1. Taking the criterion of being modelled with pLDDT of 95 or more, within 14 Å of chain A (Cβ to nearest Cβ) and more than 21 Å from A:Ala198 (Cα to Cα), would at least one residue in region B:24-35 satisfy it?
2. Can you name the residue in region A:61-96 that is free of Cβ contacts under 8 Å to residues at least 12 places away in the same chain and assigned to a loop (DSSP other than H, G, I, E, B) and, of all such residues, is surrounded by the fewest Cβ atoms within 10 Å (Cβ to Cβ)?
3. Of all the residues that make up region A:264-294, how many are part of a helix (DSSP H, G or I) and either in contact with a Gly (Cβ under 9 Å, 6 or more places away or on another chain) or surrounded by fewer than 21 Cβ atoms within 10 Å (Cβ to Cβ) (or both)?
4. Would region A:170-182 turn up any residue that is more than 14 Å from every other protein chain (Cβ to nearest Cβ), surrounded by fewer than 19 Cβ atoms within 10 Å (Cβ to Cβ) and in contact with a Ser or Thr (Cβ under 8 Å, 6 or more places away or on another chain)?
5. From the list B:Leu322, B:Leu351, which one is touching a helix residue (DSSP H, G or I) at 6+ places or on another chain (Cβ under 7 Å), within 25 Å of B:Glu46 (Cα to Cα) and surrounded by 23 or more Cβ atoms within 10 Å (Cβ to Cβ)?
6. B:Lys210 is checked against (1) closer than 22 Å to B:Gly125 by Cβ; (2) of a type in the set (Lys, Arg); (3) in contact with a Lys or Arg (Cβ under 7 Å, 6 or more places away or on another chain) and fails just one. What number does that condition carry?
7. Could you tell me how many of the residues in region B:278-319 are touching a residue at least 24 places away in the same chain (Cβ under 8 Å) and away from chain A (no Cβ under 14 Å)?
Amino acid sequence: MSSFKSKYEDELIANAAYIGSPGKGILAADESTGTIGKRFANIKVENNESNRRVLRELLFTAPGCLECLSGVILFEETLYQKTAAGVPFVEVLKKGGVLPGIKVDKGTVELPGTNGETTTQGLDDLGQRCKKYYEAGARFAKWRAVLKIGPNEPSPLSIHENAYGLARYAVICQENGLVPIVEPEILVDGSHDIAKCADVTERVLAACYKALSDHHVLLEGTLLKPNMVTPGSDAPKVAAEVIAQHTVRALLRTVPAAVPAIVFLSGGQSEEEASVNLNAMNKLQGKKPWSLTFSYGRALQQSTLKAWGGKDENIAKAQAALLVRCKANSEATLGKYQGNANLGDGASESLHVKDYKY
Amino acid sequence: MSNFKSKYHDELIANAAYIGTPGKGILAADESTGTIGKRLSSISVENVESNRRALRELLFTAPGVLQYLSGVILFEETLYQSTAAGKPFVDVLNEAGVLPGIKVDKGTVELAGTDGETTTQGLDGLGARCAKYYEAGARFAKWRAVLKIGPNEPSEHSIHENAYGLARYAVICQENGLVPIVEPEILVDGPHDIQKCAAVTERVLAACYKALSDHHVLLEGTLLKPNMVTPGSDSPKVAPEVVAEHTVRALQRTVPAAVPAVVFLSGGQSEEEASVNLNAINQVKGKKPWTLSFSFGRALQQSTLKAWSGKEENVKAAQDALLTRAKANSEATLGTYKGTSKLGDGASESLHVKDYKY
């Protein structure tokens, strides 16, 4: 069979399509305990469970935000947390018409014999874990593969391992009712130009779709979370339209139309950059047989975190900052974003951290 | 580079797009000397150069036909032939806005250790031959890879060899200004059902696009010539809508939107079947980010050949028969074909020949 027939087939297709609804996108709030610790350290907040819970409650109950979202990716701990009033976060999201998602990978490990290239772990007992997450209310999953551009990178080994790891994860998700987000992130680090990034992105995506085909994954029940095609972080910037053109062309050359939506990662882009670039893509004329939307972590939360600073009295202000970015990105998916005259503190700040490790 | 930049880059893109013009398609008139001999003998005509020339003149000067064609594939001999009045066929076609194409493969040979599976030859000196054909006026090329469905077929080996042969041929064409038609024909022979054909077609096409990516082929400057997805020849027929649904879905799952047009082969389908199926394909609702048109040989020429039977006095009737089919297929590319109450003699005749060898 071209795709094995999961008993969840119709549901997978419907959920994947829903995530691609025009005007909506994904909030990536799945920072692991270690990673969220780094964010907290920046705003001098202690990294304990209660603060992690408070932050996520701030995000999920922010007035007006959920209508801009079709999904939120959660870390395992968060999937089982509740509001202070005792309402499970999963319920809050569902009531707001937002699908809960779950990060299922277990981070990256180095590939011996390479120059710091990695593969992602998390396949062991993944089926059982997915089943458990589905029972807890999750309807999609995320797994982040990481590649880098260098003189000899990404190597054929790295591309193969990451593509086939993604494909194996994807089919296990589908066996258990979760729509897999396929995320082959090519890091922005480096001094390469946009043409190089385009070349690598096309090569990596072609490998991913061959792997997904080999593993009998139902493409209509998946999402893609790629990097945008941009110059390296040490290379001169280019206009949003140039990023848009190179990105859409790379996708047209590699991503089958059966995939309902592409949800970009923001990488090291500032909040404003990420919105402006997404907007430029949606304004581009020409073939675009998938929704083009967002799955942003840092690029949705940066100003919110700064505004909150860990203080209860700042919650409303922090939620207002989140709404600004949610609305901006919602408009960007429709090609209607005018740019933000009223930038929150931190909205233009680059979020690039060299050799970023989650 | 994701694709090497051919000096013919812009021309390749323009010509490939032109072939996909709505309302037009390709007449495959590239039967080798041996193959045309079989056709001629079935109408009791001697297989000599003058008869082959007369037939092709009949086809290319048929009143009203060329407006429905964007391309004609020729065999090498024909590329250098002229009308009785001395006008090169290439000029006849160019003047009518029809791109001349050239068959460049040298037939199939068996793959050792398989059960009658084949690979296609023709790579030796292909670059020089393409350059020569370009000078003679050709602007696109065709190479037919053949796969079959059986208990253990197509084997991974056969899929790999044929996909990589096609990719190598494709990039050599582009280096020399010819738009390559990529033709991975999966023979209709067999008792398998339509699901099996769909699974195999998706697997084969996924392999083809991985190979094209590996070989740095510019997808915007290629065409795809696949089989439609149908039940096997020894299996019960299904409705055109079912063929259409399975076919479009297979393409959505595998053919990047960068490819401008898909030009179906007719396999063993009768003239009428091929038109009705193409029409149904164009009526399918949903994403179809490529033109869906025809590249028919037998399914355009069957009634014409019968009407001609090698006799001068029949040329007009034969040309009328060709016009009927050309118009039918033109309408089919627009989804407006109503079927024909006035079928030419032979229009409903299956053109299936078991284990068809060109």
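The values are calculated or read from the model by the stated rules, or taken from the named source; none is laboratory data. Since the model is a prediction, treat every value here as computed from it, not as a measurement. Note: ideal-geometry Cβ built from the backbone for every residue, glycine included; neighbour counts use all protein chains shown.
1. So far as region B:24-35 goes, no, none of its residues is modelled with pLDDT of 95 or more, within 14 Å of chain A (Cβ to nearest Cβ) and more than 21 Å from A:Ala198 (Cα to Cα).
2. A:Gly86
3. Residues that pass the stated criteria total 11.
4. yes
5. Sole residue among the options that is touching a helix residue (DSSP H, G or I) at 6+ places or on another chain (Cβ under 7 Å), within 25 Å of B:Glu46 (Cα to Cα) and surrounded by 23 or more Cβ atoms within 10 Å (Cβ to Cβ): B:Leu322.
6. The one condition B:Lys210 does not meet is (1).
7. Of the residues in that region, 27 qualify.
Per-residue answers, yes or no, for (1) among the hydroxyl-bearing types (Ser, Thr, Tyr); (2) modelled with pLDDT under 95; (3) under 18 Å from the mean Cα position of the chain (by Cα):
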position	(1), (2), (3)
B:Lys316	no, no, no
B:Asp320	no, no, no
B:Gly344	no, yes, no
B:Asp355	no, yes, yes
